[in-house]
Amino acid sequence: MWWALPAAVLLSMVPAAAQEPRGYDCVIDPSEVLKIGSPVTGILADVTIARGDKVTAGQPLAQLESGVERATLALNRAKAENRAEIDAATAKVDYALSRVNRAKELLDRKLVPQEKFEEITADLEVARQDLASKQLDRRLAELDAARSRADLDQRAIKSPIDGVITERKLGPGEFVNQDGYIVTVAKLDPLYVEVFLPVALYTKLELGMTGTVRPEAPIGGAYAATVAVVDRVFDPASNTFGVRLKLPNPGNKLPGGQRCKVSFDLPAIPASDVPPATGRSPLSRAAP
């Protein structure tokens, strides 16, 4: 009788899909791969990083020759900080205002003609307009200094993300154009896990669901990842759809660009719904 069979024999009779969730071929990729260039053309003065270096967002990577830009900034900053013309115009306004006040008193006592008073009042208005013009000139000088600062900052190339340098293409003394790049930075935290699943699982998969990712040897291990993207367009040739999982990777302990298996705690699907081994594979798909 079946109840008299040993437990080991009974376990061997259970389908493999019921013992362990099915694993699907997947690829672990960096979440971002950026080719860092320059917004302006010029000659590289220095490249401060090398292949394999870890970088943080905002960290300087390279510096273009910037002697002209530094001199322009110093000139415009000196103009912006110069208050001599404004101070002189302010003194003229104060003097003209005092003349108007004295003339007003004399006009009230009938000691100054109306025409003279109007002339002194006009001098005050001219002095005020001259002060406003000097203040505008100083404001424009401040804007020129800010523009020069921005021009200089553009020549300092910084990393926009935390990551690892995977390629250093150019070095000091080489010319950078706007179509080229200096280094490549890969973001490894989080990692993206790309997998194609049979369409039979489409209604069973939800955003936020957890999958178990098992990298191939020699990395190995099992890691929890969260479903971040479920494609809404099927591939009719292989009867599959794409899924992306987000895999936390603190400290960049796991490398990117490796093969893996991913499994979900889902009900088993009929063998007829499983795509053949020759179907579409995540290995043939570049993550966007």
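The values are calculated or read from the model by the stated rules, or taken from the named source; none is laboratory data. Being a predicted model, the structure only gives us computed values, none of them experimental. Here Cβ is always computed from backbone atoms with ideal geometry, including for glycine, and neighbour counts include all displayed protein chains.
Numbers at a glance
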item	result
Set 184, 121: member being modelled with pLDDT of 95 or more and out of contact with any Gly (no Cβ under 9 Å at 6 or more places or on another chain)	184
Given (1) out of contact with any Ser or Thr (no Cβ under 7 Å at 6 or more places or on another chain); (2) under 23 Å from residue 87 (Cβ atoms), index of the condition residue 114 fails	(2)
For residue 288: the one exception among (1) at pLDDT below 65; (2) part of a strand (DSSP E or B)	(2)
Hits in region 159-190 (condition: of a type in the set (A, V, I, L, M) and over 16 Å from the mean Cα position of the chain (by Cα))	170, 176, 182
Residue satisfying condition, being in contact with a Lys or Arg (Cβ under 6 Å, 6 or more places away or on another chain) and in the same structural domain as residue 87 (by TED's automatic domain parsing), within set 122, 141	141
Residues being under 26 Å from residue 217 (Cα atoms), surrounded by fewer than 19 Cβ atoms within 10 Å (Cβ to Cβ) and at pLDDT below 95 - total across region 230-257	6
Condition check for residue 62: exposed (fewer than 15 other Cβ atoms within 10 Å of the Cβ), touching a residue at least 12 places away in the same chain (Cβ under 8 Å) and under 19 Å from residue 165 (Cα atoms)	no
Yes/no for residue 222 being loosely packed, with under 13 Cβ neighbours inside 10 Å and touching a Lys or Arg at 6+ places or on another chain (Cβ under 7 Å)	yes
Flag if residue 259 is closer than 20 Å to residue 161 by Cβ, touching an Asp or Glu at 6+ places or on another chain (Cβ under 7 Å) and of a type in the set (Lys, Arg)	no
Helices (runs of 4 or more DSSP H) contained in region 1-106 and holding at least 3 residues touching a Cys at 6+ places or on another chain (Cβ under 6 Å) and at pLDDT 95 or above	none
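A quick yes/no check of all residues on (1) within 20 Å of residue 31 (Cβ to Cβ); (2) within 30 Å of the chain's Cα centre (by Cα); (3) among the basic types (Lys, Arg):
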| site | (1), (2), (3) |
| --- | --- |
| 195 | yes, yes, no |
| 207 | yes, yes, no |
| 210 | yes, yes, no |
| 218 | no, no, no |
| 225 | yes, yes, no |
| 229 | yes, yes, no |
| 233 | no, yes, no |
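A quick yes/no check of all residues on (1) loosely packed, with under 12 Cβ neighbours inside 10 Å; (2) farther than 30 Å from residue 252 by Cα; (3) free of Cβ contacts under 8 Å to residues at least 40 places away in the same chain:
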| residue | (1), (2), (3) |
| --- | --- |
| 41 | no, yes, no |
| 47 | no, no, no |
| 58 | yes, no, no |
| 73 | no, yes, no |
| 79 | no, yes, no |
| 96 | no, yes, yes |
| 120 | no, yes, yes |
